[in-house]
Amino acid sequence: MTPLQKRIKRHIIGRTGEFFAVTAPGLEPLCLRELMTQRLTIRDTTVVSGGVKFLGRLHDCYNANLCLRTPGRILFRISNFKASNFRQLKKKLSGISWELYLKSDVSLRFNITTSHSRLYHKDAIKDRFVESIKEHNQPDQTNESTPGAEQQIFVRVVDDHFSVSLDSSGNNLYKRNIKKHAARAPIRETLASAALMLAGYHFNEPVFDPMCGSGTFSLESAMMAMNIPAGWYRKFSFENWPAFSPDRWADIKRNHEKNITRSDRPLIFASDIDKKTCELLQTSIAGHDLGKMIRVFEHDFFSIVPNEITDQKGVVVINPPYGRRMGSKKKTNKMFHDIYRKL
């Protein structure tokens with residue numbers, strides 16, 4: 001074990017860190033509920049505007065990315081300090097051991113926000129960060145990242161107080177890496193999961209998605225029903241951290257795989273009036289072992305007879321057309337009244 005590896009183990013892997021699960025406004029309580037039911041070794045959970053703060057170990061960060069369905073990303077807070085001029089900022093940044101957090105060959109991207117701060121020029125702030133990181137992270141041929149790997153660094157400055165975080169997720173967590181096709185005005189997977197939770201979906205009852213479009217509701221409910229973690233089919237930014245342990249990650253995924261259930265009969269019913277839409281959704285389902293759980297068929301919602309689909313009670317979830325796609329306000333209102341009557 002090299003000296004750097006020993007430092008990483010002592011200061012990053014072996015210590016409790018501060019994390020922040022970023023959510024859409026209003027989803028903070030749902031995210032907290034998810035955190036508390038995942039049996040993570042976390043503590044000091046706090047709901048704030050825009051997300052949930054919690055303390056935990058590095059493997060809790062892995063699990064949060066893998067399992068949580070409602071947050072958009074998980075941030076790892078690495079430093080908090082005050083600086084009211086660039087001299088102070090440079091000094092504070094020199095105290096961050098960037099080599100413990102970043103590999104030398106990753107591509108950096110910054111997300112900087114400032115409010116009521118003497119230092120408000122974002123490009124100048126970014127330049128100081130880049131300079132500091134380069135000083136610490138000298139090229140190391142034994143410490144290579146995945147080609148094209150990118151690390152996003154979040155810098156929030158409020159009243160001269162800096163909060164510096166690493167994005168552990170990479171692509172926004174609503175990107176489950178299942179759908180290979182797009183749709184007009186789709187709902188994000190994180191919001192679809194939240195809607196299902198708020199509707200009281202119990203995971204063992206039928207779900208009918210009669211205006212499925214790209215199939216977001218159908219795919220999310222199927223993953224819930226089969227207990228497939230939200231991030232099961234994707235990669236994460238933390239997989240390129242110096243502290244990342246492939247063996248620990250593989251062990252975490254094996255433990256979750258034991259809880260995945262399979263079904264021999266469909267429990268999720270997705271339909272749409274557009275044939276091409278149904279064909280594209282069927283392709284995505286077939287590529288991710290969801291074929292037996294979801295039944296896709298072409299049909300007009302207004303002519304469907306529920307008992308011909310299933311004799312069980314369940315949940316109907318709809319993301320209907322809206323806005324310009326509907327034309328006039330009068331036409332939109334008629335569509336919604338027709339949906340109410342059919343339900």
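For the range 41-91, a crude dipole built from +1 on the beta carbon of Lys and Arg and -1 on the beta carbon of Asp and Glu, taken about the Cα centre, is about 340 debye to the nearest 20. Expressed as a whole percent, the accessible area of the range 84-125 that falls on carbon and sulfur atoms is 45 (1.4 Å probe).
Within the range 258-328, the chymotrypsin sites (Phe, Trp or Tyr not before Pro) that combine a DSSP coil assignment with at most 14 other C-beta atoms in a 10 angstrom radius are Tyr322.
At R0 = 30 Å, how high is the FRET efficiency between Ala250 and Arg10 if r is their beta carbon distance? Nearest 0.05 is fine. Efficiency, from the Cβ-Cβ distance: 0.80.
Compute the relative contact order of the chain as a whole-number percentage, counting only Cα pairs closer than 8 Å that sit 6 or more residues apart in sequence. Spell out each step's value before the answer.
Details: 578 pairs, mean separation 56.2, N = 343.
Here the relative contact order equals 16 percent.
Per residue, the accessible area of the chain comes to 53 Å², computed with a 1.4 Å probe over protein heavy atoms only. By the Cα gyration tensor, the range 212-261 has an equivalent ellipsoid whose semi-axes, rounded to whole angstrom, run 26, 15, 5 from largest to smallest. In the chain, helical runs assigned H by DSSP with n ≥ 4 each contribute -39500 (n - 2.57); averaged across all residues and rounded to the nearest 500, the mean residue ellipticity at 222 nm is -9500 deg cm²/dmol. Using the charge dipole of the chain (Lys, Arg: +1 at Cβ; Asp, Glu: -1 at Cβ; taken about the Cα centre), state which of Ser132, Tyr120, Gln282 has its Cα farthest towards the positive end. Projecting each Cα onto the dipole axis, the largest value belongs to Tyr120. Secondary structure note: in the chain, about 60% of the DSSP beta bridges are antiparallel. Here the range 175-264 has 48 percent of its accessible surface on carbon and sulfur atoms, given a 1.4 Å probe and all protein chains in place. Here's the list of lysines a cross-link from Lys275 could span, going by alpha-carbon distance under 30 Å and ignoring same-chain residues fewer than 8 apart: Lys175, Lys179, Lys180, Lys292, Lys313, Lys329, Lys330, Lys331, Lys334, Lys342.
Can you give the Rg to Rh ratio for the range 1-140, taking only C-alpha atoms and Rh from Kirkwood?
Working: Rg = 16.8 Å, Rh = 16.9 Å.
A ratio of 0.99.
Extension gain for the segment Asn227 to Arg109, taken as residue separation times 0.36 nm less the Cα-Cα distance, is 39.1 nm to one decimal.
With contacts taken as Cα pairs under 8 Å and at least 6 residues apart, the range 186-258 reaches a relative contact order of 27 percent.
Only the Cβ atoms of Lys and Arg (+1) and of Asp and Glu (-1) were treated as charged; on that basis the dipole of the range 221-265 about its Cα centre amounts to roughly 120 debye. Dimensions of the chain along the principal axes, based on C-alpha atoms and rounded to the nearest Å, stand at 69, 47, 36, largest first. Protection proxy ranking of 163-170, 289-296, by the mean of other Cβ atoms within 10 Å over each peptide's residues and highest first, is 163-170, 289-296. Magnitude of the charge dipole for the chain, about its Cα centre and with charges confined to Cβ atoms of Lys, Arg (+1) and Asp, Glu (-1), is about 740 debye. What base-10 log of the normalised intensity I(q)/I(0) is obtained for the range 111-263 from the Debye formula, alpha carbons as equal point scatterers, at q = 0.12, 0.15, 0.17 Å⁻¹? Calculated log10 I(q)/I(0) at the listed q: -0.77, -0.99, -1.09.
Using the average count of surrounding beta-carbon atoms within 10 Å as a protection proxy, the listed peptides 67-79, 40-52 rank, highest first, as 67-79, 40-52. For the range 1-43, what percent of Cα pairs sit more than 18 Å apart? Roughly 49 percent, rounded to a whole number.
Just order 58-66, 240-248 by mean Cβ neighbour count inside 10 Å, highest at the front, would you?
58-66, 240-248
A Förster radius of 22 Å combined with the Cβ-Cβ distance from Asn177 to Asn204 puts the calculated FRET efficiency at roughly 0.30.
The values are calculated or read from the model by the stated rules, or taken from the named source; none is laboratory data. Model, not experiment: these values are computed from the prediction. Virtual Cβ from ideal backbone geometry, glycine too; neighbours counted across all protein chains shown. Just the protein is used for accessible areas: all its heavy atoms, side chains included, with ligands, DNA and RNA removed. Shrake-Rupley method; radii C 1.70, N 1.55, O 1.52, S 1.80 Å.
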